[in-house]
1. Could you list, in sequence order, all residues of segment 48-64 that are over 22 Å from residue 6 (Cα atoms) and either in a loop (DSSP other than H, G, I, E, B) or touching a residue at least 60 places away in the same chain (Cβ under 8 Å) (or both)?
2. Looking only at segment 65-75, which residues are in contact (Cβ under 8 Å) with a residue 24 or more places away in the chain, assigned to a strand (DSSP E or B) and either buried (at least 16 other Cβ atoms within 10 Å of the Cβ) or in contact with a strand residue (DSSP E or B) (Cβ under 8 Å, 6 or more places away or on another chain) (or both)?
3. I'm trying to understand the selection: among the residues of segment 1-47, which are assigned to a loop (DSSP other than H, G, I, E, B), touching a residue at least 60 places away in the same chain (Cβ under 8 Å) and surrounded by 17 or more Cβ atoms within 10 Å (Cβ to Cβ)?
4. If we scan segment 93-109, do we find a residue that is under 11 Å from the mean Cα position of the chain (by Cα), surrounded by 13 or more Cβ atoms within 10 Å (Cβ to Cβ) and at pLDDT below 80?
5. Suppose the filter is assigned to a strand (DSSP E or B), at pLDDT 90 or above and surrounded by 14 or more Cβ atoms within 10 Å (Cβ to Cβ); does residue 88 pass it?
6. If you go through segment 48-64, how many residues are buried (at least 22 other Cβ atoms within 10 Å of the Cβ) and touching a helix residue (DSSP H, G or I) at 6+ places or on another chain (Cβ under 8 Å)?
């Protein structure tokens with residue numbers, strides 16, 4: 001019987017596209033809820049700013065909630081438009097990182113807590 005799971009390590013460096021074929025970026029990290037043992041977001045770099053609607057100064061890339069992933073194959077396809085789903089990743093890879101130092105997650109389990117809130121209302125910026 002074929003498996004319906006993909007190891008998290010297989011997601012590294014995959015290109016990410018919207019359902020209509022627009023390139024979003026490349027996976028640099030996968031944020032995982034260690035208590036629930038499930039991925040919660042993809043951290044992307046090499047972002048196509050036209051697809052995500054631009055990036056704020058100092059953003060290292062974007063974070064896309066994993067619940068918006070439609071499918072994984074040679075590439076990753078999202079369910080919605082990137083500008084509606086992508087949240088900026090503050091700082092560079094060597095800076096503040098992509099999560100809380102203690103590994104804590106927000107109440108909705110979507111991302112490590114780091115303060116602030118996104119324009120979508122339910123996803124804190126990591």
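The values are calculated or read from the model by the stated rules, or taken from the named source; none is laboratory data. Here the structure is a predicted model, which means the values were calculated and not measured. Please note: Cβ atoms are built from the backbone with ideal geometry, for glycine as well, and neighbour counts cover all protein chains shown.
1. 48, 53, 54, 55, 56, 57, 58
2. Within segment 65-75, 65, 69, 70 qualify.
3. 14, 18
4. Step one: of segment 93-109, the residues under 11 Å from the mean Cα position of the chain (by Cα) are 98.
From the residues that got through so far, the ones that are surrounded by 13 or more Cβ atoms within 10 Å (Cβ to Cβ) too are 98.
After this cut, where a residue has to be at pLDDT below 80 as well, the list is 98.
Yes, segment 93-109 contains at least one residue that is under 11 Å from the mean Cα position of the chain (by Cα), surrounded by 13 or more Cβ atoms within 10 Å (Cβ to Cβ) and at pLDDT below 80.
5. Working: assigned to a strand (DSSP E or B): yes; at pLDDT 90 or above: no; surrounded by 14 or more Cβ atoms within 10 Å (Cβ to Cβ): yes.
The answer is no for residue 88.
6. The qualifying residues number 3.
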